[in-house]
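Following: one structure in structure tokens, then a few remarks.
The values are calculated or read from the model by the stated rules, or taken from the named source; none is laboratory data. Everything quoted here is computed from the prediction, not taken from an experiment. No Cβ is skipped: glycine too gets one built from the backbone with ideal geometry, and neighbour counts run over all protein chains shown.
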């Protein structure tokens, strides 16, 4: 069965975006600095319909995540921020299930991305995403609140963090919900490259 | 000249101790799980006046930090928590400068550890610690608030994080002071071992 994963860039002090993040400022003030390792990679540029770019170890890691992902689940705020900014075709190239309280017809974009709006909760979203993903994985795209919901619900199987060498000091924290149970992780891979450290973990589930 | 460093174990979600940390519960609830990679190392055990222990790559990293440190600076709360718990000789084996508002005569312990109480601020503490450290480095021992003070004041040269594969969910956050300036780091070393990932960074200082 496919895994439920997330894959996020994070500063050493735990931020995935800078302060004042919102529509037309999706990464927040200074948030580009967390993710700058990715912007000149061929795989990332190709997803933005741009040609060229670097084909290094970071690009392999980036490609790997695109290749294994068969469907996405996304929070409404991330969708709202992206709706005004994503190109067409959007970078997902796969079905995207958006968690929301508002009914809306599916929004079909070019390149294989269809946004389906799910109003009956995260379990339903996962079920629909699994069915759409086939043998591939379901990636929780974000934002941080949505990822935390899946962690708390015990639905996450694996996570990859791209740790950026910067202290951002403020912004949107990935792990900002104290009070969850302690969750053991099994570190499955560490790939270090000059601008980022890619850390992969599996969630250790109690029997 | 010697460097000002810190060296801390941290969970993937950014905690250096669990919730309810305090005297007689210095690591907080579950906080042992952040630091468990260290407890059976020969170097750590030797500092607790225990014999035996593992001599692996983690032990080399641990030894390296002990060897390079010529003096410590410590916050008052960390001192208060440790005063009731440290063995004699304490694990420092070097002069320790404690930041406090209360005058107190130096407290001389066995094995080279003398606690000197500094009431005139962090710059004064660094000056005294540098003088005591000679060619060796000054290590900011903690806690988190004290480390943040040194980061904000631009006094930190290097940091090492021992990243533990666990989501603690709650506790004492190492980087818990939003609003600092963004600080660029140069990643200088990554050593991965089965139970922990050792990440070393230099602070990039503006000219």
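Taking only the stretch A:130-161 into account, find how many residues are without any contact (Cβ under 8 Å) to a residue 60 or more places away in the chain and more than 16 Å from the chain's Cα centre (by Cα).
Looking only at that region, the number is 4.
Just to be sure before I move on: is residue B:27 in a loop (DSSP other than H, G, I, E, B) and under 18 Å from the mean Cα position of the chain (by Cα) in the structure I sent?
yes
Conditions first: (1) more than 9 Å from every other protein chain (Cβ to nearest Cβ); (2) free of Cβ contacts under 8 Å to residues at least 12 places away in the same chain; (3) more than 19 Å from the chain's Cα centre (by Cα). Residue A:127 passes all but one, so which condition is the exception?
Answer for residue A:127: the failing condition is (3).
Could you run through the stretch A:1-11 and say how many residues are touching a strand residue (DSSP E or B) at 6+ places or on another chain (Cβ under 6 Å), in a loop (DSSP other than H, G, I, E, B) and either within 16 Å of residue A:195 (Cα to Cα) or at pLDDT below 95 (or both)?
Adding up the residues that qualify gives 1.
Might you check whether a residue that is modelled with pLDDT under 95, in contact with a helix residue (DSSP H, G or I) (Cβ under 7 Å, 6 or more places away or on another chain) and closer than 19 Å to residue A:147 by Cα occurs anywhere in the stretch A:27-40?
yes
Test residue B:80 against the criterion of being within 23 Å of residue B:203 (Cα to Cα) and more than 14 Å from every other protein chain (Cβ to nearest Cβ), and give yes or no.
No: the conditions fail for residue B:80.
If you take the residues of the stretch B:106-120 that are touching a residue at least 12 places away in the same chain (Cβ under 8 Å) and in a loop (DSSP other than H, G, I, E, B), which of them is surrounded by the most Cβ atoms within 10 Å (Cβ to Cβ)?
B:113
Out of all the residues in the stretch B:170-196, which are at the interface with chain A (Cβ under 7 Å from one of its Cβ atoms) and surrounded by fewer than 22 Cβ atoms within 10 Å (Cβ to Cβ)?
B:170, B:178, B:179, B:180, B:181, B:182, B:184, B:185, B:186, B:187, B:190, B:192 - these are the residues of the stretch B:170-196 that are at the interface with chain A (Cβ under 7 Å from one of its Cβ atoms) and surrounded by fewer than 22 Cβ atoms within 10 Å (Cβ to Cβ).
For the stretch A:151-166, name all the residues that are buried (at least 20 other Cβ atoms within 10 Å of the Cβ), at pLDDT 95 or above and either facing chain B (nearest Cβ under 7 Å) or not in a loop (DSSP other than H, G, I, E, B) (or both). Spell out the reasoning first.
Residues of the stretch A:151-166 buried (at least 20 other Cβ atoms within 10 Å of the Cβ): A:151, A:156, A:159-166.
Subsequent filtering for residues that are at pLDDT 95 or above retains A:156, A:159-166.
Correct list: A:159, A:160, A:161, A:162, A:163, A:164, A:165, A:166.
Of (1) free of Cβ contacts under 8 Å to residues at least 40 places away in the same chain; (2) closer than 18 Å to residue A:108 by Cα; (3) buried (at least 16 other Cβ atoms within 10 Å of the Cβ), residue A:88 satisfies all except one. Which?
Result: residue A:88 passes all but (3).
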